[in-house]
1. Can you work out which of the residues in region A:202-246 that are in contact with a helix residue (DSSP H, G or I) (Cβ under 7 Å, 6 or more places away or on another chain) and among the acidic types (Asp, Glu) is farthest from B:Trp153 (Cα to Cα)?
2. Of all residues in region B:143-163, which are facing chain A (nearest Cβ under 9 Å) and either hydroxyl-bearing (Ser, Thr, Tyr) or under 30 Å from A:Arg76 (Cβ atoms) (or both)?
3. Of these, B:Arg124, B:Arg76, B:Arg90, which one is of a type in the set (Lys, Arg) and surrounded by fewer than 18 Cβ atoms within 10 Å (Cβ to Cβ)?
4. Without any contact (Cβ under 8 Å) to a residue 12 or more places away in the chain and surrounded by 21 or more Cβ atoms within 10 Å (Cβ to Cβ) - does that describe any residue in region B:168-176?
5. Among the residues of region A:164-220, which ones are farther than 24 Å from A:Val143 by Cα, within 25 Å of the chain's Cα centre (by Cα) and within 12 Å of another protein chain (Cβ to nearest Cβ)?
6. How about region A:1-16: which of its residues are surrounded by 21 or more Cβ atoms within 10 Å (Cβ to Cβ) and within 20 Å of A:Val111 (Cα to Cα)?
7. Whether any residue in region B:15-25 is over 24 Å from B:Gly148 (Cβ atoms) and at pLDDT below 95 is what I want to check.
8. Where residues in region A:96-142 are aliphatic (A, V, I, L, M) and within 14 Å of chain B (Cβ to nearest Cβ), which of them is farthest from the chain's Cα centre (by Cα)?
Protein chains: 2
Amino acid sequence: MSGAVEWIAVDWGTSTLRAWGIGEGGSLLWQVQSDRGMGTLAPGAFETAFLELIIPQVGDDEEPLDVIACGMVGARQGWAEAAYRPVPCRPLDPALIRAPTLSPRLGFRIVGGLCQHRPADVMRGEETQVAGFLSLNPAFDGVICLPGTHTKWVHISAGEVVSFQTCMTGDLFAAISRHTVLRHSVITEDWNETAFSEAVSDTVSRPERLAAKLFSLRAEGLLDGLAPGTARARLSGLLIGAELASARPYWLGQDLAIVGARGLSKLYASALSGLGVTATIADGDGMVLKGLAAARALSAEYNS
Amino acid sequence: MSGAVEWIAVDWGTSTLRAWGIGEGGSLLWQVQSDRGMGTLAPGAFETAFLELIIPQVGDDEEPLDVIACGMVGARQGWAEAAYRPVPCRPLDPALIRAPTLSPRLGFRIVGGLCQHRPADVMRGEETQVAGFLSLNPAFDGVICLPGTHTKWVHISAGEVVSFQTCMTGDLFAAISRHTVLRHSVITEDWNETAFSEAVSDTVSRPERLAAKLFSLRAEGLLDGLAPGTARARLSGLLIGAELASARPYWLGQDLAIVGARGLSKLYASALSGLGVTATIADGDGMVLKGLAAARALSAEYNS
C-alpha cells in the first residue's frame, strides 16, 4: 500500500496490461502487470481487470485514482475508443478520452492514436513513446524507430509527427518460425551474429531475393546441417533486411533514435550499423512513462 | 474389389496419402486418400496406414501388391529414406528404394527426391511430376513451375533437371493469414482479381516495398474499410509477386509450363500473364500418375 500515489500510468496493449504508481515529483512507487491485454477482454471487462490489478497496490478505499493510459485500450474493441488523429500533428492531443467507469473514485483517461491516410497506417501507444522522447529531446528532428511486433518508423520535424511507416516484422518472425516448415530449422535460443548481419545486408541490397532465401534455411539444414542458431539469426536478418529495404527513406541520411525494449533495440542498432547508420537508443518503458506524464501535464494545462 | 489391379500408384506427402489402382493398359480403376500423411505417422506406422487404406479396394488375400510411391514417404522421417540425388540429373533414378514390409504380398518401392547444393534446395514428389510431364513432352526445354505449399521452379534441358528453386509462398500465405494481425483482414473466400494483379506487378517491379505493404492491409481495413476479398487477393499478390521477383531467371524468356492443382495453376498463370509471360498448364495429379508409371517402367527396364 502507498498513500502517496499521485497518479497511475498505464500501458495497455493487445496482450499485456502494465501499470505504474507515480508519486510526488514523478517518483516511481510500484509497477504491476498482468496478461489481461485488450485482446483477451470483452467490452465490459476492462474496469474489473484494471481494478483487480491495482487495488492490491492502492487499497480499497475512496481515494480518487487518476489514471492516464495509452495503447490498444483506446481501440474500437477497447475500453473506450480514442479516435486516431491524422498526421501531420503533434504526438499528443491535449484532449484525452475519458473511459466510462462504475467506480466513482476512478478517473481513467486515454491517449488517442495517430493515423496516416496515404499510405494508410495507424499507431496506438507509440505516439506516447514518441512524446516521451520529445519531452527529453524537444529539438529532435529526424526519425524514431520503435521496434516491436509491429515496428514503427516515425519521421519527426518541428515537434510534429510528419509521417510514419509500420513493418510487421516481429509478427512475421513469430508466424514463420512457429507455423511454417522453418519451425524445424530455428528451434533454439542460439544466435549467430555474422549470419544475421550478412542476411540484413544481402536483403537490403537485393530485396528481390528474399522469397528464394527463406526455404534455403530448411534445405541447408537438411543437406549441410545448418546450425539452428545460424538459421534463426539468418531468418531474423532476412526479415529485418526486408524491413530496412522498405524503410530506406526513414534511415538514410536521417538523425535516428531507437526507442524500445533493450534486446530488440540492440538488434536493430546492429542491423543499421552494418549499413553505416548510427542510432541513439532510448529505453521504451522510460519513454512510455515520460510520454504519459507529458499527456497528463498537457491535459491539465488545456483544462485550466 | 477389383482383381484387375496391375499396380498401385501412391503420392504420400506430409499431410495426405493418396493411392490409385492402375489396371491393364494404365487404366485408372479406383482412387482413395486419407489424411495420414508422413507428418502424422511414427516410423513404424506406415505399412498399417497404407494397408488400411487400400485393403477395402484390393481385398485381403495373398495377391501381390506392386506399389510405386513418391513424396515425403521417402524422407528421413518417412517409411524408408530414398536419398536425394544432386542435380543436374534426370528426374528419375532407375533404382527405386524398397521399403521394409511385414506383409509378404506387399512390394513397396519409393522414388527418390532431388537436391541442389548451391543454392541449397531439395524436392520430393515434384521430380515425379516433372518426369510425368517429360514423358508426354520429351523434347521440352524450359522451366516447369509446380505451385503448392512450397512452389518449385525447375529448369529442364535435354531431359535433365539443371537447377531448381523453391519458394515457400503457400506456407507463408497460410501462416500470415492465420497467425498474424492480418488474420482480421483476410477472413473471406472473396477475391478481387484486379487487386491481385496490381499487387503482383507492384512487387515484381518494386520488391523492396514488400515489408511496408503488408501492414497497410490492416491499416486500410481500419481506416478505409478495405474489403476482405481485396485484402486477401492483395496479400496473395504481394507474396506471389515476391516469389516472381526472386524467380525471374526462371520465367523471363523461358518456355514455361505450370504443373499443379487447377486453381493454384490458374492463379500463377494469371500472375505471369500480367508480366507478359504465357505458360502451358498441365494437371498436377495427371503428371504424378504419368511420372509414377514412368518410374515403374524405367525400373523394370533397369532390372531386366
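The values are calculated or read from the model by the stated rules, or taken from the named source; none is laboratory data. For clarity, every value in this text was computed on a predicted model and none was experimentally measured. When we count neighbours, we look across all protein chains shown, and the Cβ atoms used for this are built from the backbone with ideal geometry, even at glycine.
1. Here the residue is A:Glu243.
2. B:Thr149
3. B:Arg76 is the lone residue from the list that is of a type in the set (Lys, Arg) and surrounded by fewer than 18 Cβ atoms within 10 Å (Cβ to Cβ).
4. Yes.
5. Result: A:Ala174, A:Ala175, A:Ile176, A:Ser177, A:Arg178, A:His179.
6. A:Ile8, A:Ala9, A:Val10, A:Asp11, A:Trp12
7. Yes, some residue in region B:15-25 is over 24 Å from B:Gly148 (Cβ atoms) and at pLDDT below 95.
8. Selected residue: A:Ala120.
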